Amino acid sequence: MKTGKELKPGTVIKLENDPWLVQKAEFTKSGRNSAIMKTKLKNLLTGYKTEIVYSADDKLEDVILDRKEATLSFISGDTYTFMDTTDYTMYELNAEDIEAVLPFVEEGMTDVCEAIFFEDRLVSVELPTTIVRQVDYTEGSARGDTSGKVMKPAKLKNGTELSVADFVEIGDWIEIDTRDGGSYKGRAKV
Amino acid sequence: MKASWDVFCSVVDNYGDIGVTWRLARQLVAEHQQGVRLWVDDLRAFVPLCPEADVNAARQWQQGVEVCQWPEQWQPTDVADVVVEAFACKLPEGYLQAMKARATPALWINLEYLSAEDWVSGCHGLPSMRPDGLKRMFFFPGFDAGTGGLLREADVLQRRRAFEQDPQVRQAFLQGLGVFPASNARLVSLFAYENTGLASWLDAMAAGSVPTHLLVPQGRIMGDLLRWLGVDQLALGSVEQRGSLTVQTLPFVRQEDYDHLLWSCDFNAVRGEDSFVRAQWAGRPLLWHIYEQEEDAHWVKLNAFLALYVKDLSPAAAQAFTGMWHAWNSGGDMAQSWNLLLEHWPEITAHAERWCLEQSLQADLAQALVLFYRNWI
């Protein structure tokens, strides 16, 4: 069993005997210490998509999935091809199947991802908890702050924007936490 | 079309849950001719809002609503056409089983908390599918058209205006509570949780150039009030004078009379969801003591409302208003923020009425629920 608050992209739950893939999950506190999870689900049998809300403590039946290590091979339009690192099998996913991690998927990335399979079919991919990406553009340091507490916007190679420490410069490699949708963790040693 | 409704209310925090559900139940009956059962797990919280009620009755009719004691051991009962689970209060397992067995599915609604945050309209009206096949719909009150709106009786503003236009009615209401304010006094109501900021606010009002008459209905703020007054106890209705400030305690009043109190005052400090909304329909400047949440989540909600509320105020008035709310909700120094607010009093007062009118243009929550059901069947 999984609770509503444990849902995350890549989780598959069973509803009325059908497997549903969580494509997106947004956690919000509602009132008086209760919380809700807004999810985007895709029926893995029919392809039908819907938005559903769960209370954080709702109990849901999850589906046991196979997980394998995979790396990104190449991107062609909206199709993302991943390769099983053990047997070199290629698998394709659409952009919307990996919507939650898409901002941090870019050509040439070497991260070893977790490919998620339902009945031998690749349904989603999870990135490692920490990934390293290069800053493609950011303004120069405005205040000369070195504490890491003052933040400024920055852009990655694939156009994804995020906040980074004021001292980060163009070309710097940074660590990103993928668990919270992609927050800056610090400058990476490359 | 008359549908049957079961509204479930679990009393968790004082009168907030029962305040909202009792008001909703009455409105569904009075304005939409629906058949409503209100299930309450603690009738002791209901009686102050409806003094005619019998705290021990398993079932009773009040103002057209069948009010039922929600028993610890659930007894089988028929399932209504619409089931409202207020604030995710968890329906009894036996009732869920009966819902599953019902020939025609009931519309199951989780009535959520009020929030002005952006995400609310994105979640309003969305379903929640359960593994057992039951489907629950999430219904969010709110301040814009993408939400379920606010609880508001169709005639509430008309009744308020009639009350305001007849000074004798106001006077009679206040006299009925034993309140005789000086003709030039600013009347302020105070209903709040414990607050360390109270003393500084009372100091400021006591030192003010305009007399203030503070009316304090029974509640959790009483301890802080007694400490500031330097007394061990206060009989209900008794009056204490400190400088320009007259402090008077009041008994807890039923919802209808609380409206009259809000309409009688120039400024209302409120707490809880129902009082917060009623203070907005009063069209007076207000101060909300929000329910404190883990990880300071309440600040996000408070600021979301403030951003919406002050957007048409001048920057200086908006800052004064926001500053006062921040001070009150952090238990900080209220003296400076109160005095700053007074500098913008005419603008903030006019804005309160405008805000009330603007919000009243939205469909109200009860109406939205009835429409939701009609569209669902």
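FYI, it's all coordinate maths here, none of it is from the lab. These figures come from a predicted structure and were not determined experimentally. Cβ coordinates were reconstructed from backbone atoms using ideal geometry, including for glycine residues, and neighbour counts include every protein chain displayed.
Here are the numbers for the structure shown:
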| quantity | calculated |
| --- | --- |
| When each of A:K49/A:K155; A:K2/B:K135; A:K42/B:K100 is checked by Cα-Cα distance, pairs over 22 Å | A:K49/A:K155; A:K42/B:K100 |
| Within 10 Å of each Cβ in B:126-134, the average number of Cβ atoms from other chains | 6 |
| Proportion of all alpha-carbon pairs of the protein assembly as shown beyond 39 Å (%) | 41 percent |
| Charge-dipole axis of chain B as Lys and Arg at +1 and Asp and Glu at -1 on Cβ define it, positive-most pick from B:G323, B:I109, B:L369 | B:L369 |
| Residue-averaged beta-carbon neighbours from other chains (10 angstrom radius) around B:214-222 | 0 |
| Cα centre as origin, Lys/Arg/Asp/Glu Cβ charges: chain A dipole, Debye | 800 debye |
| Exposed GluC sites (Glu not before Pro) absent - longest run of chain B, DSSP non-H/G/I/E/B, at most 12 other C-beta within 10 Å | B:73-377 |
| Neighbour-count order for B:H298, B:H124, fewest beta carbons within 10 angstrom listed first | B:H298, B:H124 |
| Protection proxy ranking, peptides B:141-152, A:39-50, average beta carbon neighbours within 10 Å, highest first | B:141-152, A:39-50 |
| Compactness of the range A:51-190, expressed as Rg and Dmax over alpha-carbon positions, Å | 17.4, 54 |
| Sorted by Cβ neighbour density within 10 Å, fewest at the top, the residues B:T21, B:T249 | B:T249, B:T21 |
| Principal axis dimensions, largest first and in whole angstrom, of the range B:8-142 by Cα | 40, 37, 28 |
| Shielding by partners, peptide B:108-118 (average Cβ within 10 angstrom, other chains) | 2 |
| Highest-fluctuation residue, A:P19, A:P103, A:P153 considered, GNM on chain A with Cα pairs under 10 Å | A:P153 |
| Vicinal HN-Hα couplings computed from phi for the range A:49-55 (Karplus, 6.51 cos²θ - 1.76 cosθ + 1.60; Hz; Gly/Pro x) | 10, 8, 9, 9, 10, 10, 6 |
| Charged-residue dipole, Cβ positions (Lys, Arg, Asp, Glu), the protein assembly as shown about Cα centre, Debye nearest 20 | 1160 debye |
| Sorted by Cβ neighbour density within 10 Å, fewest at the top, the residues B:W328, B:W70, B:W22 | B:W70, B:W328, B:W22 |
| Magnitude of the charge dipole, chain B, Cβ model with Lys/Arg +1 and Asp/Glu -1, debye to 20 | 660 debye |
